2 protein chains.
Amino acid sequence: MNDDKSDTLPGLPTLADVAERANVSTATVSRCLNSPDRVVEATRERVLKAVQELGYSPNFGARALAARRTGTVGAIIPTMENAIFARAMQAFQEELRDNGLTLLVASSAYRPQVEDEQIHALVARGADALLLIGHDRSEALYQFLERRGVPVLAAWVHDADNPRPSIGFDNRKAMRMLAEEVIRAGHRDLAMISADINGNDRARERVAGLREAMAARGLDAEALPLIQTRYSIEHGRQAFAKLMRRVPRPTAVICGNDVLAVGALQMAREMGLHVPGDVSITGFDDIEIATLVEPPLTTVHVPHRAMGRQAAQMLIEALRSGVPVAESVELQTDLRLRGTLGPPPA
Amino acid sequence: MNDDKSDTLPGLPTLADVAERANVSTATVSRCLNSPDRVVEATRERVLKAVQELGYSPNFGARALAARRTGTVGAIIPTMENAIFARAMQAFQEELRDNGLTLLVASSAYRPQVEDEQIHALVARGADALLLIGHDRSEALYQFLERRGVPVLAAWVHDADNPRPSIGFDNRKAMRMLAEEVIRAGHRDLAMISADINGNDRARERVAGLREAMAARGLDAEALPLIQTRYSIEHGRQAFAKLMRRVPRPTAVICGNDVLAVGALQMAREMGLHVPGDVSITGFDDIEIATLVEPPLTTVHVPHRAMGRQAAQMLIEALRSGVPVAESVELQTDLRLRGTLGPPPA
DNA sequence: TGCAATTTTGTAAGCGCTTACATTATTCTC
DNA sequence: GAGAATAATGTAAGCGCTTACAAAATTGCA
């Protein structure tokens, strides 16, 4: 409560206080903190002792202002409530932290306009680099970021045709491989529950992957019953119920993610449909819940943790070198064939 | 790429640029941005137009330095990977955002020392207020925060005996009520799987609640088999298996949270034990998974969203008034009696 | 219309730090 | 051991914004 020698009101020690106490200039104190090896040991010890005694901790604003960077990396994810993002962010944050950087997360609720705002907000708050999900956003936004010199990386996608850097996987290919498995099991009447494909390239690619697989096997991809809905268990339930009223009834329902699939599975049970005897269901992501439901969910495993970690490494490198992220990295997904996929009813 | 009239290297417009263009002083521009009603309309329009045309956006560091606050609220949670925290943080963030504040989250992995570091880090980064989970931390830490003038609020707890402000529920009472239900069902051989109770007052209180209920019904609370382990499905599995090897075998396993309970449930199935015929299992939190497993989990419902929202409101009020949070708010939990609780085997 | 009260705008002094450049101390080299 | 090369430290100029205070403009009222 009581400062020994307060001249500034809040009474917090400043660099100058430390300098005075350690009998050096403020420049030396600053160097001790930022590049300790540029200061001789004896001096450094003296300074650090003063820091300790005063309980000094640098003022963030001042540092950001003078150094023209904040040591903050921003990430905008669709929602914190899906375990896939939580997991990736956890890894992302750990890696950043190990490198002295701080993560600032915001969520967009899958709404492009909110994402736009959040990007501006994070940049205004001094994010030195940005992690975004997917590639789908306006050219103007990318120009804004480029003008600002903020390195950007897109996660969750890998598309050889897109020149912008990304860390992720080929959504289309992953879904195609899953779909091939479904078709191989004998299914001809497929249906899909997807997220809204506007402004969501991951969802769009997954739908495309399914259609590709269908076309390749001579099925009518254009006729695919497709419901676009929000990612939630409840929406998955409703969409599934709706699909089951179609004639002919689909024998396999491909879901855009595990959350939808779990909803579908639940509704199937409620409707008295046996899975996979009456209808097969697949997901995407391989979240924890996938192995907990009964029967366990056939899905695509995505290396979320690795994606988060590597995303951090790529942005750190960009920050360190001062060069925007140039390369894209493709991660592999793999199929997890579990209990919800079986042959169609005879 | 090309700035019309660059004098500073990065070429970003500053307050001064806007002022010049709008033909006013920098003070006026600043006022337009921060308290628009203190500027006459004609001027304001002129200024905002200039802001628009220049694509101006304020420098965060400079603003923080001059205003001595950052508009940032920090939160340190044990982990982002548990849905309960994700959900609460989502609500917390939304409420903050609606009030022009930004959330900075960090996670401590349930380790007090990491939490300590993170608190310092967030404060150093200019967090104007802090949300923490539980009350369990050193006096020194609280002193540090008080000295810094940072309002603090503890979530997830409500303890009438603790003078520090909190928003949450009475963990002990909630668990006691659940335990009473278990005992009422006829169980006498109880066992518990908990998180480590060191540095985790929520876990400690839940254990205490169970013991209270036992004592009240004449059971030997001291003899309660208690396994302390990390919150994860896998750890829940292992702990459950261990408990089932005891003689006499517990007929009801009370878990400190739903994640542990789901692990226990899974292991029960693997061991060929019928739930609740052979053994009853209960959780705590009522996360989404609780209703998805088979049978659905008996647990305690916690209003995570409301907690997050109200936490934000309380801190916002503290920030606005300049007075630390004084009151504590108690939220109600309620029992969700579902399929995993039944009478003990005959 | 004239003067005081009120509103709007301007002036300028920092906020606490980093860093280019200047200065001083130390180490090498022959 | 003198002079050059190198390392350590100091000096001081901002970084871009907010805000107390001063000045100017506007309004109200007799």
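Some notes on this structure:
- Neighbouring Cβ atoms from other chains, within 10 Å of the Cβ of residues in A:101-107, number 5 on average.
- Between the range B:216-247 and the range B:267-346, the Cα center-to-center distance that results, in Å: 19 Å
- Count Lys and Arg as plus one, Asp and Glu as minus one, and take only other residues whose Cβ is under 12 Å from that of A:ALA88; the net charge is then -1.
- Value of [θ]222 nm, deg cm²/dmol, for chain A, DSSP H segments ≥ 4, -39500 (n - 2.57) each, nearest 500: -13500 deg cm²/dmol
- Per residue solvent-accessible surface (Å²) - the protein assembly as shown, probe of 1.4 Å: 44 Å²
- Carbon plus sulfur fraction of accessible area for the range B:15-66, probe 1.4 Å, in percent: 48 percent
- If you take all other residues with their beta carbon under 12 Å from the beta carbon of B:PRO112, and give Lys and Arg +1 and Asp and Glu -1, the sum is -4.
- Applying 1/(1 + (r/R0)^6) with R0 = 25 Å to the Cβ-Cβ distance of B:GLU41 and B:ALA16 gives a FRET efficiency near 0.65.
- For peptides A:257-263, A:181-187, sequence by mean Cβ density within 10 Å, most packed first: A:257-263, A:181-187
- Peptide A:123-130 - average C-beta neighbours from other chains (10 Å radius): 3
- Note that the range B:132-144 has calculated 3J(HN,Hα) couplings of 10, 9, x, 9, 6, 7, 5, 4, 4, 5, 5, 5, 4 Hz, one per residue in order, obtained from phi through the Karplus relation 6.51 cos²θ - 1.76 cosθ + 1.60 (θ = phi - 60°); glycine and proline are x.
- Peptides B:271-281, A:323-333 ranked from most to least packed by the mean count of surrounding Cβ atoms within 10 Å: B:271-281, A:323-333.
- Rel. contact order, % - alpha carbon contacts under 8 angstrom, at least six apart, chain B: 16 percent
- Counting, for every residue in B:53-61, the Cβ atoms of other protein chains within 10 Å of its Cβ and taking the mean gives 5.
- Other-copy label distances relative to A:ARG305, 7 angstrom Cα-Cβ extension, nm: 3.1
- 0 to 90° range, to nearest 10: angle between helix B:304-321 axis and chain B longest Cα axis: 40 degrees
- Label points for A:GLU41 are taken 7 Å from Cα along Cα→Cβ. From this copy to the others they lie 7.2 nm apart, shortest first.
- Against chain A, whose longest principal axis is taken from its Cα atoms, helix A:112-124 shows a tilt of about 10°.
- Among the protein heavy atoms of the range B:270-346, carbon and sulfur supply 53% of the accessible surface, probe 1.4 Å, non-protein parts ignored.
- Taking the label point 7 Å along Cα→Cβ, B:GLU294 and its counterparts in the other copies are spaced 0.5 nm apart, in ascending order.
- Summed side-chain charge close to B:GLN228 - residues other than B:GLN228 whose Cβ falls under 11 Å, Lys, Arg +1, Asp, Glu -1: +1
- Beta bridge orientation in the protein assembly as shown: antiparallel %, DSSP, nearest 5: 10 percent
- Within chain B, antiparallel bridges make up roughly 10 percent of the DSSP beta bridges whose residues both belong there.
- Angle between chain A longest axis and helix A:233-244 axis [Cα atoms, degrees, rounded to 10]: 20 degrees
- Highest mean packing comes first when the peptides A:61-67, A:139-145 are listed by Cβ atoms within 10 Å, giving A:61-67, A:139-145.
- Size of the A/B contact, given as accessible area buried on both chains, probe 1.4 Å, in Å²: 4500 Å²
The values are calculated or read from the model by the stated rules, or taken from the named source; none is laboratory data. A quick note: this is a predicted structure, and the numbers were derived from the prediction, not measured. Cβ: placed from backbone, ideal geometry, glycine included. Neighbour counts: every protein chain shown. Just the protein is used for accessible areas: all its heavy atoms, side chains included, with ligands, DNA and RNA removed. Shrake-Rupley method; radii C 1.70, N 1.55, O 1.52, S 1.80 Å.
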